[in-house]
Protein chains: 2
Amino acid sequence: MGADGATMDERVPRDFETLRATILDRRASLPKRIAQIAAYALDNPDDIAFGTAASIAASAGVQPSTLIRFAQQLGFDGFTSLQQVFRERLRERNSSYDERLAALRAKAEEGAGHRAIFDGFVAAASTSLSDISRALNDAHFEEAIALLAKAETIYVLAKRRSYPVASYIAYALGKLKIRNQLVESAAGLNAEMIGFATPRDAVIAISFSPYAPATIEETRAIAEQGVPIVAITDSSFSPLAQFAKIWFEVSEADFGGFRSISATMALAMALTVAVGEKRRETGRRRKG
Amino acid sequence: MGADGATMDERVPRDFETLRATILDRRASLPKRIAQIAAYALDNPDDIAFGTAASIAASAGVQPSTLIRFAQQLGFDGFTSLQQVFRERLRERNSSYDERLAALRAKAEEGAGHRAIFDGFVAAASTSLSDISRALNDAHFEEAIALLAKAETIYVLAKRRSYPVASYIAYALGKLKIRNQLVESAAGLNAEMIGFATPRDAVIAISFSPYAPATIEETRAIAEQGVPIVAITDSSFSPLAQFAKIWFEVSEADFGGFRSISATMALAMALTVAVGEKRRETGRRRKG
DNA sequence: GCCAATATGAAATATTAATTCCAATCTATA
DNA sequence: TATAGATTGGAATTAATATTTCATATTGGC
């Protein structure tokens with residue numbers, strides 16, 4: 001007794017991912033019609049989940065018996081048990097995006113342990129992304145890219161909660177070989193740093209309520225020097241908005257008093273990469 | 001002829017929402033057992049989609065015939081056609097989120113202007129969040145929280161692309177009044193900084209391929225001093241994994257060569273806030 | 001409290017779908 | 001090219017599942 005015996009179903013794939021891997025693995029060695037139904041199964045998993053052996057076989061252009069042979073070759077004892085795997089998959093990802101989010105948030109708000117905290121942050125991030133995806137103004141986005149693309153140096157200005165975004169922008173700009181200056185508060189030399197900026201440069205300033213006084217002050221100073229500013233902030237009443245040539249309103253969902261920054265991050269990354277893209281285009285045009 | 005006649009199925013709900021509304025509407029006037037199966041259907045739509053008349057009836061505590069009567073009362077000609085609505089719902093729901101993402105990504109990959117870049121980053125971030133939500137191991141998460149909660153000082157270690165995450169963790173830990181030390185490379189004093197760490201402290205180390213050599217080296221050094229390490233990285237082959245007591249594998253989707261960091265951010269935020277929570281609990285217990 | 005109308009339970013029946021079987025066809029090898 | 005072995009198609013068989021039926025119970029109006 002033990003490992004061998006009547007059952008023999010020790011290595012039958014129980015979840016969709018394993019099944020998928022198994023199929024892809026054996027793909028090359030499968031006979032023609034079996035391969036055909038295998039391909040169909042991976043391409044139309046929903047049909048397998050809902051159809052009958054006959055209907056699926058017809059759609060895939062094979063006989064029902066082939067479908068059963070396929071299942072058996074994978075170690076299942078028939079089509080029905082293969083189908084279970086496809087149904088289970090649908091169950092697991094069953095709910096719609098919004099329902100899933102609502103469930104996450106509900107679970108999080110019930111406060112069921114530490115997992116709930118994680119779920120809460122995932123939900124907040126997802127919500128924020130979905131919001132910004134809807135709200136982003138294409139025209140503003142294009143203007144901001146154009147403005148930043150022709151800057152000699154891009155100054156990046158953010159403190160506290162927004163600082164991670166700024167440091168990411170600086171990192172990405174560096175990788176794209178775009179001259180930039182992260183205005184950090186460490187050495188207290190910000191005023192001098194800002195002093196070097198000219199109207200041929202540009203600024204990305206990021207601040208959310210409660211707005212860090214230093215960010216506001218520095219933005220004001222640099223705006224007075226005539227340096228154009230792109231602001232990422234959270235409302236039209238934001239003090240940044242008045243100094244900015246272009247500003248984006250990003251509303252981030254919060255959880256447990258900590259606001260998400262994923263929407264801001266996505267916007268920042270897109271802005272950065274788009275500026276890189278634009279510069280390459282312009283460079284080519286100049287050359288050609 | 002026209003509206004009346006033999007068929008009479010003009011107002012049969014064809015989609016789930018209409019069906020749901022119809023059921024809720026008639027709820028009060030339904031006989032006991034029918035009401036019972038109606039409630040069950042709205043609470044467990046997945047079971048209706050996949051079960052057999054017999055299995056569903058058993059779960060809901062009624063006879064199969066009652067289930068059929070329920071369907072007929074709603075205007076369907078049997079259980080099978082009622083079931084179609086529940087199956088259709090799963091099909092649509094499922095596709096909506098994934099299709100939306102796929103559409104975003106497709107648009108992004110076609111490269112239709114700058115908006116496409118933005119869509120690409122939003123899609124990458126959403127995918128990453130959804131992946132980590134599925135993949136996160138609760139047990140590891142709890143262990144990590146426990147480990148970090150009892151640390152005297154939490155050292156945060158990350159360079160380059162991961163640095164924004166580290167700076168966010170440091171900011172959040174600070175707000176939660178948890179002693180922490182961000183190991184930055186600026187002044188070149190990292191070795192000395194690390195030298196102060198003891199086994200009563202703990203480390204959060206973050207690094208993704210290509211792993212910044214400095215992060216690896218510093219993690220190794222601090223591990224050799226017996227300081228327990230929680231790592232966030234991208235594979236079990238990561239050099240960080242070997243030094244870590246607990247490590248999380250986070251797979252981030254990428255767009256245009258820039259990987260998302262939203263999943264890592266969500267995990268980092270959750271970890272931080274959960275540690276704060278845990279400390280407060282423990283503090284209370286000690287007092288009370 | 002009685003009667004008619006309605007609702008319910010349980011088993012019989014009809015329908016549909018999965019599986020098996022066998023003959024026909026293809027494929028690789030000597 | 002002959003032949004064994006594998007693969008496939010299609011119909012027959014078996015299993016499962018939905019539906020119907022009918023006896024029994026319950027409810028609401030008088």
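The values are calculated or read from the model by the stated rules, or taken from the named source; none is laboratory data. Keep in mind it's a predicted model, so treat the numbers as computed, not measured. Here the Cβ positions follow ideal geometry from the backbone for every residue, glycine too, while neighbour counts run over all protein chains shown. The area values use the complete protein model at the heavy-atom level, side chains included, leaving out ligands, DNA and RNA. Shrake-Rupley method; radii C 1.70, N 1.55, O 1.52, S 1.80 Å.
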Review point. Is it the case that some residue within the stretch A:6-20 is within 16 Å of DNA strand D (Cβ to nearest atom) and either modelled with pLDDT of 90 or more or away from chain B (no Cβ under 14 Å) (or both)?
Key: no
Exercise for review: Among the residues of the stretch B:27-56, count how many are more than 11 Å from DNA strand C (Cβ to nearest atom) and among the basic types (Lys, Arg).
Suggested key: 1
Check your understanding: What number of residues in the stretch A:121-149 are without any contact (Cβ under 8 Å) to a residue 60 or more places away in the chain, charged (D, E, K, R) and more than 8 Å from every other protein chain (Cβ to nearest Cβ)?
Key -> 1
Check your understanding: Identify, please: which residue in the stretch B:42-65 is surrounded by 19 or more Cβ atoms within 10 Å (Cβ to Cβ) and of a type outside the set (Gly, Ala, Ser) and is, among those, farthest from DNA strand D (Cβ to nearest atom)?
Key -> B:PRO45
Point to revise | Identity of the residue in the stretch B:213-239, assigned to a helix (DSSP H, G or I) and open to solvent by less than 40 Å² (accessible area, probe 1.4 Å), that ends up farthest from B:ARG160 (Cα to Cα) | key: B:ALA223
Study note, to complete from the structure: Note on the stretch A:150-183: residues within 11 Å of another protein chain (Cβ to nearest Cβ), charged (D, E, K, R) and in contact (Cβ under 8 Å) with a residue 12 or more places away in the chain are A:LYS159, A:ARG160, A:ARG161
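Quick grid of which residues meet (1) assigned to a helix (DSSP H, G or I); (2) open to solvent by 10 Å² or more (accessible area, probe 1.4 Å); (3) of a type in the set (Ser, Thr, Tyr):
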site: A:VAL165; (1), (2), (3): yes, no, no
site: A:TYR168; (1), (2), (3): yes, no, yes
site: A:GLN181; (1), (2), (3): no, yes, no
site: A:MET193; (1), (2), (3): yes, yes, no
site: A:ARG200; (1), (2), (3): no, yes, no
site: A:ILE204; (1), (2), (3): no, no, no
site: A:TYR211; (1), (2), (3): no, yes, yes
Exercise for review: Tally the residues that are of a type in the set (Gly, Ala, Ser), part of a loop (DSSP other than H, G, I, E, B) and more than 9 Å from every other protein chain (Cβ to nearest Cβ), restricting the search to the stretch B:240-276.
Suggested key: 3
Point to revise | Complete set of residues in the stretch A:133-163 that are of a type outside the set (Ser, Thr, Tyr), open to solvent by less than 10 Å² (accessible area, probe 1.4 Å) and assigned to a helix (DSSP H, G or I) | key: A:PHE141, A:ALA144, A:ILE145, A:LEU148
